[in-house]
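Written below as structure tokens is the structure these notes are about.
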Amino acid sequence: MFNRALINFDKVILDQIHNRSLELLRDCGIRFFSEKALEVVRKRGFRVSGQTVFFEEKDIVEALRTVPSQFTIKARNPEKNICIGGGDYMMAPGYGPPFIIETSGEKRNATLDDVHTFCKLVQTSKYLDFNSSIVVQPNDVDSRTAHLDILLATILLTDKPLMGSTSSELAAQDSLKLVEKIWGNTNDPVMISLVDSLSPLQYSEESLESLMIYAASGQPVIIHSSCSLGSTGPITIAGSLVISNATTLAGICLSQLIRPGAPLVYGLGGSPTEMRTGGYVNASPEDAKHTAIVTALGRYYGIPCRSQGALTESFCLDYQAGMESTMMMTTAALSGADVSLHTCGTYGSMLAMSFEKFIADEDLCGALKKLMQPVEFSEDAYAMDLIKELGTSGTYLMQKHTMERCRTEFYEPDLNSRAIHNKWQQMEFRDMDKRAGKILENRLSAYQKPDIDPQLERDLTKFIDQRKGN
């Protein structure tokens, strides 16, 4: 298999991170804000003091032994199934923002209509592999049942793999009931979800209970821990890695206690605290370093790994947005990340989404997927006969070898301009946000809803109506 992990770390350093994480798990423990989770570990003989669970090395080693190194998630359209951990880089758009940033710079609350628009963009994307469970948080529907509206939109408007909700135990159960209407009572992976820990060294009740629900059903979960360097964790990257790795390992251990062999994705991050304001800083060099190291730790443990995506502190399609997003995504790609959220559309520390940045980020995703493809070294690619035939006297432009490959050999961006200067001056839209807006308009006008059995659609809608009490 082609090894695209071009950024590597010494095993001695990874051993140090691991051993110090074990030390924290043994001496400090992890706080579980869930009586159900505490009951599980007590029954298995773990040392528990109040809400704090202590883990021994043997517990972590056994848990890591049973986690699969790769798995496939089924989609409604089998042609769009995805393999996590098989060497490809799977991408999903922004996750969780409550706001939309317009091209004017104005910020507004996200709505369910925005969710529908992003679903259509995900479905028509050449590069995104699945939709986020909260591509934006709609403010015009009941927050207690918003996960149902978002998941129904994703099911009906896309036929790519799904992402379930972890906002509560009930939301996780709802997510499973919806996919059971599509696939029946299956243990095959048909939905992936995200569980974030609390820093330092804690898990919330809803995260733990969602994790247990998905693990019991054999559905994959991304277990992700991070801290703000200097506020909710140590100011150093080394300290941040240890505290977050220990927390992720605890979540992995719990999942395997529930169901050995439950599929997982390893996640870890860390961002600086802005020391002048106390704010959270996104898309920094420190973020990128965490991205590189998390993929190395994923390989160290033999577990697929998740990284951050095209993040930025900017609120417009400027140089800052492009620079920061490219730094984050390129680091993930060259490090060998298996999964990224936030790969399209995110602005301002993951607080807002933009339709135009979504379009721009797709060009970045496409370029990176092309970058990660191995270079072809076949006899035809070497083209020795053609080189010898032409020598120093010919041009390759009209040769059959060129003609046969001219439409597939190079990456062709949809948004980025490759015009010469005078043609660029004559362009109707020179500004990137305006060009992105035109592509957005064309994409949405050409969107076609994927096929779905009418009875299944009625059953899904009926379930959600009943859950809402309609």
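Pull up region 293-330, narrow it to residues that are touching a residue at least 60 places away in the same chain (Cβ under 8 Å) and within 14 Å of the chain's Cα centre (by Cα), then point me to the one that is nearest to residue 104 (Cα to Cα). The selected residue is 309.
Of all residues in region 295-331, those satisfying the criterion of being more than 19 Å from residue 433 (Cβ to Cβ), surrounded by fewer than 23 Cβ atoms within 10 Å (Cβ to Cβ) and among the β-branched types (Val, Ile, Thr) are 330, 331.
Restricting to region 270-291, what's the tally of residues that are buried (at least 20 other Cβ atoms within 10 Å of the Cβ) and either more than 16 Å from residue 334 (Cα to Cα) or out of contact with any strand residue (DSSP E or B) (no Cβ under 8 Å at 6 or more places or on another chain) (or both)? Give the derivation first.
Initially, region 270-291 is screened for residues buried (at least 20 other Cβ atoms within 10 Å of the Cβ), giving 270-272, 282-283, 287-288, 290-291.
Narrowing the set further to residues that are either more than 16 Å from residue 334 (Cα to Cα) or out of contact with any strand residue (DSSP E or B) (no Cβ under 8 Å at 6 or more places or on another chain) (or both) leaves 270-272, 282-283, 288.
Qualifying residue count, region 270-291: 6.
The single condition among (1) over 13 Å from residue 64 (Cα atoms); (2) in contact with a helix residue (DSSP H, G or I) (Cβ under 7 Å, 6 or more places away or on another chain) that residue 235 does not meet is (2).
Considering only residues that are of a type outside the set (Lys, Arg) and out of contact with any Pro (no Cβ under 8 Å at 6 or more places or on another chain), look in region 64-78 and name the one that is nearest to residue 158 (Cα to Cα).
The initial filter retains those residues of region 64-78 that are of a type outside the set (Lys, Arg), namely 64, 66-73, 75, 77-78.
Checking the rest, the ones that are also out of contact with any Pro (no Cβ under 8 Å at 6 or more places or on another chain) come to 64, 78.
On the way: 64: 34, 78: 13 Å.
Taking the candidates together, the pick is 78.
Name the single residue that is nearest to residue 92 (Cα to Cα) among those in region 190-208 being touching a His at 6+ places or on another chain (Cβ under 9 Å) and in a strand (DSSP E or B).
Taking region 190-208 first, the residues touching a His at 6+ places or on another chain (Cβ under 9 Å) are 194-197.
Those left that are additionally in a strand (DSSP E or B): 194-196.
Numbers: 194: 12, 195: 16, 196: 17 Å.
Step by step, filter region 190-208, then rank; the result is 194.
Scanning region 118-129 for residues that are farther than 13 Å from residue 161 by Cα and either without any contact (Cβ under 8 Å) to a residue 12 or more places away in the chain or crowded, with 21+ Cβ neighbours inside 10 Å (or both) yields a count of 3. Residue pairs whose Cβ atoms lie under 7 Å apart, sitting 6 or more positions apart in sequence or on different chains, and linking a residue in region 407-421 that is over 14 Å from residue 361 (Cα atoms) to a partner that is aliphatic (A, V, I, L, M) and outside any loop (DSSP other than H, G, I, E, B), are 411/367.
Taking region 149-173 as the range and being under 20 Å from residue 213 (Cα atoms) and either without any contact (Cβ under 8 Å) to a residue 24 or more places away in the chain or in contact with a Lys or Arg (Cβ under 6 Å, 6 or more places away or on another chain) (or both) as the test, only 170 passes.
Every condition in (1) in a helix (DSSP H, G or I); (2) within 18 Å of the chain's Cα centre (by Cα); (3) more than 18 Å from residue 222 (Cα to Cα) is met by residue 156 except one, and the failing one is (2).
Here are some conditions: (1) in contact (Cβ under 8 Å) with a residue 24 or more places away in the chain; (2) in a helix (DSSP H, G or I); (3) more than 30 Å from residue 139 (Cα to Cα); (4) touching a helix residue (DSSP H, G or I) at 6+ places or on another chain (Cβ under 8 Å). Residue 370 meets all but one. Which one does it not meet? That leaves (4) as the condition not met.
Each row is one residue, and each column tells you yes or no for (1) charged (D, E, K, R); (2) over 16 Å from residue 34 (Cα atoms); (3) part of a loop (DSSP other than H, G, I, E, B); (4) under 16 Å from the mean Cα position of the chain (by Cα).
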site: 138; (1), (2), (3), (4): no, yes, yes, no
site: 141; (1), (2), (3), (4): no, yes, yes, no
site: 144; (1), (2), (3), (4): yes, yes, yes, no
site: 160; (1), (2), (3), (4): yes, yes, yes, yes
site: 188; (1), (2), (3), (4): yes, yes, yes, no
site: 210; (1), (2), (3), (4): no, no, no, no
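Scanning region 306-318 turns up no residue that is small (Gly, Ala, Ser) and part of a helix (DSSP H, G or I). Take residue 425 and tell me if it is over 20 Å from residue 358 (Cβ atoms), at pLDDT 90 or above, polar (S, T, N, Q) and assigned to a helix (DSSP H, G or I). Criteria not met by residue 425.
Residue by residue through region 341-374, note down the ones that are polar (S, T, N, Q) and either crowded, with 16+ Cβ neighbours inside 10 Å or under 25 Å from residue 281 (Cβ atoms) (or both).
To start, the set of residues in region 341-374 that are polar (S, T, N, Q) comprises 343, 346, 349, 354, 373.
Within region 341-374, 343, 346, 349, 354 qualify.
The set of residues from region 235-265 being buried (at least 24 other Cβ atoms within 10 Å of the Cβ) and not in a helix (DSSP H, G or I) comprises 262, 263, 264, 265. Any idea which residue in region 50-67 is surrounded by the fewest Cβ atoms within 10 Å (Cβ to Cβ), counting only those that are outside any helix (DSSP H, G or I) and free of Cβ contacts under 8 Å to residues at least 40 places away in the same chain? Filtering region 50-67 for residues that are outside any helix (DSSP H, G or I) and free of Cβ contacts under 8 Å to residues at least 40 places away in the same chain, the one surrounded by the fewest Cβ atoms within 10 Å (Cβ to Cβ) comes out as 50. Considering region 179-202, and only residues there that are touching a Leu at 6+ places or on another chain (Cβ under 9 Å) and more than 20 Å from residue 134 (Cα to Cα), the residue that is surrounded by the fewest Cβ atoms within 10 Å (Cβ to Cβ) turns out to be 181.
Matching residues to (1) under 19 Å from residue 261 (Cβ atoms); (2) in a loop (DSSP other than H, G, I, E, B); (3) acidic (Asp, Glu); (4) in contact with a strand residue (DSSP E or B) (Cβ under 8 Å, 6 or more places away or on another chain):
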site: 39; (1), (2), (3), (4): no, no, yes, no
site: 42; (1), (2), (3), (4): no, no, no, yes
site: 48; (1), (2), (3), (4): no, no, no, yes
site: 69; (1), (2), (3), (4): yes, yes, no, no
site: 94; (1), (2), (3), (4): no, yes, no, yes
site: 119; (1), (2), (3), (4): no, no, no, no
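Each residue in region 374-415 was checked for being assigned to a helix (DSSP H, G or I) and acidic (Asp, Glu), and 5 of them qualify. For region 135-145, the condition holds for at least one residue, the condition being that it is crowded, with 18+ Cβ neighbours inside 10 Å and under 21 Å from residue 307 (Cα atoms).
Here residue 377 clears all of (1) at pLDDT 95 or above; (2) surrounded by 10 or more Cβ atoms within 10 Å (Cβ to Cβ); (3) closer than 30 Å to residue 328 by Cα except the condition numbered (2).
The values are calculated or read from the model by the stated rules, or taken from the named source; none is laboratory data. Since the model is a prediction, treat every value here as computed from it, not as a measurement. Neighbour counts run over all protein chains shown; Cβ positions are idealised from the backbone, glycine included.
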